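Notes follow the structure.
The values are calculated or read from the model by the stated rules, or taken from the named source; none is laboratory data. What you are looking at is a predicted structure, and each value in this text was computed from that prediction instead of being measured. Backbone-built Cβ (ideal geometry, glycine too); neighbour counts: all protein chains shown.
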Amino acid sequence: MNRSWRLPLMAAGIVLLLTACATQGAAPEPSVPGFWTGLIHGAIAPFALIGHIFDHSIRIYAVPNTGGWYDFGFLLGLSFIWGGGCAGAGSRRSKVD
């Protein structure tokens, strides 16, 4: 074997031996959706509804979730898109005499 290849080949072999015994870290537990995810899901809910009509694997609401905080975020997200109860408050009505 050529002398110039001996050192890199030995270094690669040592690295391979050291990494072959390395342990794999445990997979993290999946987190459940909370407030911020609910806010995003509420904002995209109209689009998710249209997608759900054509593909039943698309869900509008995430289950399981953290409960009250997810619901609160979902409702806030919906109200940001649809204007909540104040959508017509900014419009002026003309008076009829």
Revision key, fill the gap. Taking the stretch 27-44 and the residues there that are surrounded by 14 or more Cβ atoms within 10 Å (Cβ to Cβ) and small (Gly, Ala, Ser), the one that is nearest to Ile60 (Cα to Cα) would be Gly42
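Only residues that are at pLDDT 80 or above and loosely packed, with under 10 Cβ neighbours inside 10 Å: list them for the stretch 15-26, please.
Leu16, Leu17, Leu18
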Exercise for review: Quick one: count up the residues across the stretch 57-97 that are polar (S, T, N, Q), within 16 Å of Ala43 (Cα to Cα) and at pLDDT below 85.
Suggested key: 0
